[in-house]
Structures are given as structure tokens and as C-alpha cells.
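What follows is a single structure, written as C-alpha cells, with notes after it.
The values are calculated or read from the model by the stated rules, or taken from the named source; none is laboratory data. These numbers come from a predicted model, not from an experiment. Every residue, glycine among them, receives a Cβ derived from its backbone with ideal geometry; neighbour counts consider all protein chains shown.
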Amino acid sequence: MLTKYRFFIFTTTKNTIRVTKQHIMTIKKELSDLEAKVTKGLKIAHTKMIEFKKFKKTPIVISQNGKVIEVTPEEMALETEK
């Protein structure tokens with residue numbers, strides 16, 4: 001009796017790699033976890049930056065519609081809450 005294999009074969013110039021659907025699902029899960037961690041880290045960094053700018057009483061410089069503008073930390077905090 002023949003067994004059916006369910007896997008993908010990726011061939012490079014030097015190696016042939018066999019990847020099963022389980023490997024692909026594991027990679028997708030790891031990427032999803034990584035995306036969640038990066039998003040969480042960016043939110044924390046953004047919050048800390050706003051707090052720092054409030055403490056130093058300096059504007060936040062951003063690009064909006066191709067123009068460089070200064071925004072107060074309070075305005076930026078209001079925009080991110082929306």
C-alpha cells in the first residue's frame with residue numbers, strides 16, 4: 001500500500017527543502033506571535049515618546065500630506081485615542 005505524503009518541496013540552487021503543512025502552520029503562528037509583540041512594542045514606544053515630549057515640553061515633528069509639521073504632545077495623544 002502506498003502512503004500519500006502531504007508536503008511542499010522548495011528547491012534552491014544548492015538544497016532541496018521539504019516542508020509539511022504542519023511546518024507552514026507553525027511558521028504562520030510564530031509570525032503572528034512576532035507581529036503581536038512588535039505591535040505591542042511600538043505602542044509602548046509611542047506612549048513613552050509622548051510622555052517624554054510632554055516632560056520636555058517640546059513638539060513632535062511629523063510629516064502630514066507631504067509637509068513637515070510640529071504637533072504638541074497633547075494633540076498627538078488625542079489623535080491616537082481615536
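Looking at Thr16, Thr39, Thr58 in this structure, which one is at pLDDT below 95 and of a type in the set (S, T, N, Q)? Spell out the reasoning first.
On the way: Thr39 fails: at pLDDT below 95; Thr58 fails: at pLDDT below 95.
When all the criteria are applied, what remains is Thr16.
Among all residue pairs at least 6 apart or on different chains, which show Cβ distances below 6 Å where the first residue, located in region 44-59, is surrounded by 13 or more Cβ atoms within 10 Å (Cβ to Cβ) and the second is assigned to a helix (DSSP H, G or I)?
Within 6 Å, the pairs are Ile50/Pro73; Ile50/Met76; Ile50/Ala77; Lys53/Pro73; Lys54/Pro73.
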